[in-house]
Structure formats: C-alpha cells, structure tokens
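Q: Submitted below is the structure of interest, expressed as structure tokens.
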Amino acid sequence: MSSTTKLPVAGALAVRDEASRLIRHHRRGLGLVIALYIGSAVAGLAGPLLLGELVDALSAGTTRGFVALVSLAMLGFLIVQSVLRRYAVRSGMVFGERVFAELREDFMRDMTALPLSTVEKAGTGDLVARTTNDIEAVSHTVRFGVPQVVVSVVTIVLTLGVAVLTSPVLSLALLVGLPLLWAVTRWYLGRSARGYMRERETYAVVNGTITETIEGARTVDALGLGALRREELDRALTGSFRAERYTLWLRSVLFPAADIAFWLPAAAVLLWGGWLAGQGIVTPGAVATVALFAVRLIDPVDLLIMWTDEIQVGAASLARIVGIKDVEPDRTATTAEPVNEDIVVAGASYAYREGHNVLHGVDLTLVRGERLAVVGPSGAGKSTLGRLIAGIHPPTSGSVTVGGVPLVDRPLDELRREVALVTQEHHVFVGSVSDNVRLGRADAPDAEIEDALRSVGALDWVEQLPEGAGTEVGSGAHELTPAQAQELALARLILADPHTLVLDEATSLIDPQAARDLERSLNAVLEGRTVIAIAHRLHTAHDADRVAVVEEGRIVELGSHEELIILDGAYASLWNSWRSE
Ligand code: ADP
C-alpha cells in the first residue's frame, strides 16, 4: 500500500486557534506560572540595583556597616528569587503536563475515530509519525517551551523597564544589538517554518518505508525485493538528510549572529556609560547597574530565540496533529433503529479510487441465521463486499442496510454488536488475557469471560498460563501463538455477540491441524448467527446454505451448492477443478 492520499495538515489559523483554546482552557495555571516568574524576576532585579548603590556609596565614601547591610540585602533577595523560581519552575512543569495531557487525549480520540478507509489510504507511516515524532515534538514545546518563553518575556520586560528607570540615556545603549537581532531573526523565521515542516514530512516517509518493509517482510523476502526496499529507504533517508541539512544551515547563521547581538549592548553600555560618567551625566553606580542588566538580558533573549526556533518545530508538529481533526467523517450516526436483523445489499457499488468501481450494483439479501459462502477468483471483490456488509466502508452508490437502516448510519459501538468482521489479522493488545477478551464488551463480568474462553476451547491453555486469565500478554509480555491469538479474538466476538459475522479467510494463515481446532472453536461462535464466509476452501461453500460466486465485482451465480452444480456454470467448474486437485 503506498501513501497516495496524505492525511491533512492544519493551516496556521487553525493551529493558532487550537493553541489559544488550550491556553484559555488552562489560563489559571498559566496565570500562576506568570505571577511566580514575575516575583522571581523582580527579586532578581534588586542585585544590580543594590550593586549600583554600593558603587556610588563607595566612590562617595561610606561605612562598613552600610556595605555589610547592602551585601546582606543582596543575599536576601537572591534567596527570595531562588525560592520563587523553584515554585515557578514547578508550576510551569505542571502547567505543561496538563496542557499536553489534554492535547494528547484529544489527539487519541480524534485518531481512533478516523474512518478506516482514510487510514488505509494514508498508509500507516504518516499516522505512526504523527503519534510518535510529532507528539514528542509538541510535548517538548509545551512542557519546556511555554514556561521558558514566559520566563524570558517577563524577565526581559522587567529588566528593560528598570534599566530605563535607572537611567534612560544610558539604557539607549541596550538597544544597539537590536537591528542585527531583528534582521537575522526575521531572515530565519521566514525560512524555518517551511524547513521544519519539510523535515517532519520526510520523517513520515522514512517511517512509512520502514513499517511497510517490516509489515511486508515475508513478501519482500519471497519476491527478493530486498534491494529495491533498501533503495527506497535510501531515497527516503537522503530526503530526510537534505531537509535536516537545510534547517541546520539556518541555525548555523542564526546562532552566531545572535551571539554578537547579545554582547554588543554590554560593551556599548560600558563605553557609552564611561563617557557619560566622565561628563558627570550619570553616576558610576548607574553604569555598573545597567551593565549588569545588559549581561542579564543575554540569557532570556537567547532562550527566547532558541524557543522561537523550537516553537516552530512544535507548531509544525501541532499542525499535523490538529490536521487529524480535518478528516471528514465517512459516516454520521442516526437514531434510526433496525426493525429486524436481515442484511440487504441493494445495487451497491464501491470504488476505492473515484471512477474505478470494484463492485458493480450488487444485490443480496441475507436472512437471519443463514450461512452464505462467497467464492470467486482473487481480486474479484469478495473482501470488498465483506467490508461493505460489515459496515467498514459506506457503498459509493446503492445501499447496505440492516433491518432497513444503512449500516454506516448506526453508531459504531452498536454496529459492532450487530455485524463483525473477522479477518486473519489478530492483534494481541498489551494487557491481561481478560483485558483482551473484555474488549468485546467492556462491562462483561469475569464469569462471562471464562465462558467465552471455554466455548472457543481456549480455557485449557489459558488456565495453564502462569497467572491464568490475569497473565499479561502481547508484545513484551507472554507471546501467544497465532492460533491462540485468534481464539482470543473469537472469545471477544462471543462477548460482543453480533448477530452477523463476516469471515474473511479467517483460518487460512495457520497450519491445517490448528485450523481444524480453530474451526471447531469457530463453529461455537457461528452458532445461531448469520454468517458470510469469504471462502478459500470450497468445503466451506459445500456446507453453506447458499453460495455466491463473485466475478469482476458482480455476483454471477447465487444458490445452494446443489443448485449451482446443476446449473453447471462457474461454480460447478470451480468445484470440479478443486475436487480433482
Ligand atoms: P478479493 O477479496 O476477491 O480478492 P478484493 O475485494 O480484495 O478482492 O479486491 C477487489 C479489487 O479492489 C481488486 O482489484 C483490488 O486490487 C482492489 N482493492 C482492494 N483493496 C483496495 C484498497 N485498499 N485500495 C485500492 N484498491 C483496492
């Protein structure tokens, strides 16, 4: 599967809206952080001011007592500053965590609600990159960036303010670095957003290439595609390397220029202040104070610029995270209730790509409790039909209804209790065996879970596990065999209790012995339900109530095994060739 349709990325406006919504939502927390930082910055300003006093007092002649008093006062303010800062940092972290937690929960909610068809079209790489790299980048920005920017802005504003109060004419020297700083920052910001956005995109491509190769490892191996995949990965990595080189170049211009701009004011204050003091316009104490302020401005301005940079990265990631919200839902649930449990497919067509129908006006009525086998050549559209019947995709035209209500109009959690799709892919979630089964119905009591495990024949091996049904399974914990994983999935189905099941080659991946065991488990699950079995082995068709032969997106034959044999058409020849194998 290639990444043909990318997931959307939010525009600048939407990102700003989301950021200000988050800030508004947490404004009390942010208010506390700002208040504490202001307190700490104010206490920090006392040092240079007192030092200035000391310098002037010394040049005028003073007592030891005064010197000791001023020194003690400086120490006192330093302690106050440190204590306030400690709480400011702490509340800043708490603020960051809260905002980030909300962001992540929103993202998880939006992401798990994405239409499956969108996820499939976009490929997994993009989504994986958004859940990992992008979330991490945003987390970094929110946890550290927002508090740091707050400190810097507060410190810069206060320091400049007090410097101007101390001596307006001397403070002019603080501004000499500004033109350079302004020019280089502007140059940088004009390029960085796009640069970082591209960098993020290349990460998604690298991720996608790696995941696809790993997921398709067997195919790659079987078809000897190793070299091709390596080339593909090399290309992705080269793209990523170029994108990183570009942003590195941007930084390598920004940082040195900014450094020069930082130290210019300190030097200027000393030169300009020296001259002014010589003229008797300012006191040497004032020069000492403002020079110290100039030095003190370096860190916050530096932090601010560094974070402007990082915030660009964060914003690029946020745009990709918020972009998930822009995916149109492929369905809207209505309150219409099905009048019975019959599934009716009427004139249903489906196209994965516009204008390329893979199903053409399929009609099919399934009566509650009936077993239908769907057979036909590979690529005929059997799985697609199964997915329409399971309500995974809405038909492009025509309708697929349960009890008169289109399947895609049913709220998802109710739909899953009506129709379920069983495929050969079974994911074991990290958690206990019970947790895995309980995904079928969240409020199921332990006794029901045990019953479900028993009816699929899994209770024996589950009880052999170190902690029975409480044993942790899934990646990193106890590994289950594919057959066991499949049994858990079936037990899940028993809990969910849908009246209709679509089986898509549910038993074709495992070895024949295990498959036979599983078929027994499966029969327990199928009991009393409507079953649409997309069949590989024709004996499934033989045992079914009716057989539908699908060819090129159409049902070409429909009837019982006997009827179709008598008809002597496509099914009869399939059957004969299968029997003579
Ligand atoms: P079958 O189950 O009979 O083998 P499918 O329903 O899987 O057939 O496929 C029917 C057609 O739809 C094929 O031509 C296949 O290439 C195409 N198709 C299947 N899945 C997708 C997809 N996710 N995106 C685009 N085309 C697809």
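Q: For the stretch 547-575 and the stretch 406-471, what is the separation of their Cα centres, given in Å?
A: So the two Cα centres are separated by 35 Å.
Q: Write down the percent of antiparallel bridges among all DSSP beta bridges whose residues are both part of the chain, to the nearest 5.
A: 55 percent
Q: Here is a further query. Which value, in debye to the nearest 20, describes the size of the charge dipole of the chain about its Cα centre when Lys and Arg Cβ atoms bear +1, Asp and Glu Cβ atoms bear -1, and nothing else is charged?
A: Here the size comes out at about 3360 debye.
Q: Need one word for the stretch 322-408: rounded, prolate or oblate. Basis is the Cα gyration tensor (sqrt eigenvalues a ≥ b ≥ c); a/c below 1.5 gives rounded, then a/b vs b/c decides.
A: Here the stretch 322-408 falls in the oblate category.
Q: Taking 0.36 nm per residue of separation and subtracting the Cα-Cα distance, what length does fully extending A68 through A336 add?
A: Full extension from A68 to A336 adds 88.1 nm.
Q: Wrap a convex hull around the Cα atoms of the stretch 288-355, take a quarter of its surface area, and give that in square nanometres.
A: If I average the Cα hull's projected area over directions, I get 10.6 nm².
Q: What number comes out for the charge environment of Q148, summing +1 per Lys or Arg and -1 per Asp or Glu over other residues with Cβ under 11 Å away?
A: Once positives and negatives cancel, what remains is -2.
Q: Among residues other than F95 whose Cβ falls under 12 Å from its Cβ, what is the net charge (Lys/Arg +1, Asp/Glu -1)?
A: Surrounding charge for F95 is +3.
Q: Given charges of +1 on the Cβ of Lys and Arg and -1 on the Cβ of Asp and Glu, with all other atoms neutral, how large is the dipole of the stretch 253-384 about its Cα centre, in debye to the nearest 20?
A: 160 debye
Q: Considering every Cα-Cα pair within the chain, what fraction, in whole percent, is farther apart than 37 Å?
A: Of all Cα-Cα pairs in the chain, 53 percent lie more than 37 Å apart.
Q: Could you state the angle between the C-alpha long axis of helix 284-323 and the longest principal axis of the C-alpha atoms of the chain, as a value from 0 to 90 degrees rounded to the nearest 10?
A: So the inclination is approximately 10 degrees.
Q: Using only Cα atoms, find the angle between the long axis of helix 64-112 and the longest principal axis of the chain, and express it within 0 to 90 degrees, rounded to the nearest 10.
A: 20 degrees
Q: In whole angstrom, note down how far apart the Cα centers of the stretch 268-301 and the stretch 24-56 are.
A: If you average the Cα positions of each part, the centres end up 21 Å apart.
Q: Would you please classify the overall shape of the stretch 359-438 from the alpha carbon gyration tensor, given that a ≥ b ≥ c denote the square roots of the eigenvalues, rounded means a/c under 1.5, and beyond that prolate means a/b larger than b/c while oblate covers the rest?
A: Note, shape of the stretch 359-438 comes out prolate.
Q: Given that compact globular proteins tend to follow 2.2 N^0.38 Å, what is the ratio of the alpha-carbon Rg of the stretch 1-148 to that value?
A: Dividing the Cα Rg of the stretch 1-148 by 2.2 N^0.38 Å gives 1.68.
Q: So how much slack lies between E463 and E97, counting 0.36 nm per residue of separation and subtracting their Cα-Cα distance, in nm?
A: 127.7 nm
Q: If amide hydrogens are placed 1.01 Å from N in the peptide plane, which non-local residues have theirs closer than 5 Å to the one on L421?
A: Result for L421 returns V502.
Q: So, how do all the Cα-to-Cα distances of the stretch 153-206 break down into 5 Å bins, in percent, from 0 on up?
A: P(r) for the stretch 153-206, in whole percents per bin: 4, 16, 13, 15, 12, 11, 9, 7, 6, 4, 2, 1.
Q: Mind pulling the angle between the C-alpha long axis of helix 178-215 and the longest principal axis of the chain? Nearest 10 degrees, somewhere in 0 to 90.
A: The angle comes out near 20 degrees.
Q: Based on the alpha carbon coordinates of the stretch 149-281, what radius of gyration and maximum Cα-Cα distance (Dmax) apply, in Å?
A: Taking only Cα atoms of the stretch 149-281, I get Rg and Dmax of 25.6, 88 Å.
Q: Of L158, H356, V99, which is farthest on the positive side of the dipole of the chain, counting Cα position, with +1 on Lys and Arg Cβ, -1 on Asp and Glu Cβ, and the Cα centre as origin?
A: Farthest towards the positive pole: L158.
Q: May I have the pair-distance distribution P(r) for the stretch 251-323, computed from all Cα-Cα distances with 10 Å bins from 0 and rounded to whole percent?
A: In order of increasing distance, the bins hold 18, 32, 23, 15, 8, 4, 0 percent.
Q: Please say if the stretch 69-198 is rounded, prolate or oblate, where rounded means a/c under 1.5 for a ≥ b ≥ c the square roots of the C-alpha gyration tensor eigenvalues, and otherwise the choice is prolate for a/b larger than b/c and oblate otherwise?
A: oblate
Throughout, read-outs are computed from the coordinates displayed, never taken from laboratory work. Owing to the predicted nature of the structure, the values given are computational and were not obtained by experimental measurement. In this analysis, Cβ positions are derived from the backbone assuming ideal geometry, glycine residues included, and neighbour counts consider all displayed protein chains.
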